[in-house]
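Remarks on the structure that follows.
What follows is calculated from the coordinates using simple rules that are stated; it is not laboratory data. Predicted model, so just to flag it, every value in this text is computed and none were measured. Neighbour counts run over all protein chains shown; Cβ positions are idealised from the backbone, glycine included.
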Amino acid sequence: MPTTQPTLGKYLIGMAVSLLIFLAGGWLILAPFALSYQPYGADWVSQTTNNLATGIPVAVVALVAFGFFFAALLGALRAAGVLAVRKRPEAQGQAAFQPATGLALVPAPAQSDLDRTLSTLAAALAADLSARRQGGNAQVSDQSIEQVATRREA
Amino acid sequence: MSVGNAMRRLVPPGSLVLFLLFLTGIWLAISPFAMTTQPSGQPWIASTINTVALGGVLMIVSLLGIVGYMALGLRDLPREAQARQEADQETTSS
């Protein structure tokens, strides 16, 4: 099975840029007081209002952008098999009756020959079990096991 | 891969948000003059310098983020297409 090399640079660039902009937003909020163009105890001047009204949304939106890039990074890592694929409860229920989907959930880089053989064997046994549950005759399942064994030998 | 799919991969939601921040940078850079907090013909006051500088930083950094993501995404597209072709060939041969 071919594995996709995850390239994380683009996600890291997006996350770094978002963090930098978040810091810029924080500075925008602090600047009127740090640079003292907002007189102490007086009403806010228009520069202060503008800086705060811009700085707070900038900081919040930068955090949102960071979240988007982080989610994309997690998705890429999952697609590459580095992180475990999140299983839904329904998918887990179906996995008991559909053994072929279980093979796709195994992380690709971790698949050695032994893993593949064991996965094939487990899939054949699960197919046999589900065929019996569905009232199929035993010949069908025997044939599937024989086919798998023949494929492995070939 | 369709053109729409490729564009979606090159311009993710994060990049759209960065574009929003780019527009915010433009506003920051022009706001002292638009709101006339900077006296005309006078040397720039501290708030003008700060706001214009931050606006410039915001514009440059957000553009860098958008373009950097797009460039690296463009570099990855052929690689992924090649991996997909190899996977298809392996599937058809086995």
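Worth pointing out:
- For region A:75-81, putting each phi into the Karplus relation 6.51 cos²θ - 1.76 cosθ + 1.60 with θ = phi - 60° gives couplings of x, 5, 5, 5, 5, 7, x Hz, in residue order, rounded to whole numbers and with x for Gly and Pro.
- Averaging 1/r across all pairs of distinct Cα atoms in chain B and inverting the result yields a Kirkwood radius of 16.3 Å.
- The order of the peptides A:72-82, B:16-26 by mean Cβ neighbours within 10 Å, most packed first, is B:16-26, A:72-82.
- Put the Cα centre of region A:20-77 next to the Cα centre of region B:17-52 and the gap is 15 Å.
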